[in-house]
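Shown next, in structure tokens, is the structure this report addresses.
The values are calculated or read from the model by the stated rules, or taken from the named source; none is laboratory data. Every value quoted in this text rests on a predicted model; they were computed, and no experiment measured them. Using ideal geometry, Cβ is built from the backbone for each residue, glycine included, and neighbour counts are taken over all protein chains shown. Heads up: the accessible areas ignore ligands, DNA and RNA and are worked out on the full protein's heavy atoms, side chains in. Shrake-Rupley method; radii C 1.70, N 1.55, O 1.52, S 1.80 Å.
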Amino acid sequence: MASAERGVSAPPEVVFNTAIDPDRTSAWLPEPLRADGTPATDISPTELAARWQAAGDWAAEIQIDPADAGGARIRLDLTGGDAPDSLVDEALDNLAQAVADNLQAG
């Protein structure tokens, strides 16, 4: 399993809604988990957590928590294959970009 955390300057709810939006998941989820618009398999809006499961042993779990100054802290756990830390870091970078794009669009 590979894990990473990072902060973003956006409200936790915006980050969560961007992360679980089926139209946006292909922009940030790692290739083995891209589901072409298929929603997360488990979503907990009250806990701001979600899980994606792909064929085989690939899975991703995300947890969004409030951070200082109205921002959010994202934790992503990725399992499957030999998921390197760089893949998790890249996914978080891509999610942060999707959140920024979502804020600019709205």
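The amide H of THR41, built 1.01 Å from its N in the peptide plane, has ARG51, TRP52, GLN53 as neighbours under 5 Å, considering only residues 5 or more places off or on other chains. Per-atom-type breakdown for region 16-106 gives carbon and sulfur 45% of the accessible area (1.4 Å probe, protein chains only).
If one takes the longest principal axis of the Cα atoms in the chain, at what angle in degrees, from 0 to 90 and to the nearest 10, does the Cα axis of helix 85-105 lie? Compared with the principal axis, the helix lies near 40 degrees.
Solvent-accessible surface of the chain, taken per residue with a 1.4 Å probe and all protein chains present: 53 Å². Over the chain, DSSP H runs of length four or greater, each weighted -39,500 (n - 2.57), average out per residue to a 222 nm ellipticity of -10000 deg cm²/dmol.
The label point for ARG51 and the one for GLU90, both projected 7 Å from the Cα toward the Cβ, are 2.5 nm apart.
Highest mobility in the GNM of the chain, judged by mean-square fluctuation with C-alpha springs under 10 Å and restricted to ALA91, ALA69, ALA40, is found for ALA69.
What's the center-to-center distance, using Cα atoms, between region 56-106 and region 1-41 in Å? So the separation of the two Cα centres works out to 6 Å. Explain nothing, just the number: relative contact order of region 7-106, from Cα pairs under 8 Å at least 6 residues apart, as a whole percent. Averaging sequence separation for qualifying contacts and normalising by length gives 31 percent for region 7-106. Applying both filters, DSSP loop and at most 14 other Cβ atoms within 10 Å, to the trypsin sites (Lys or Arg not before Pro) of region 1-96 eliminates every site.
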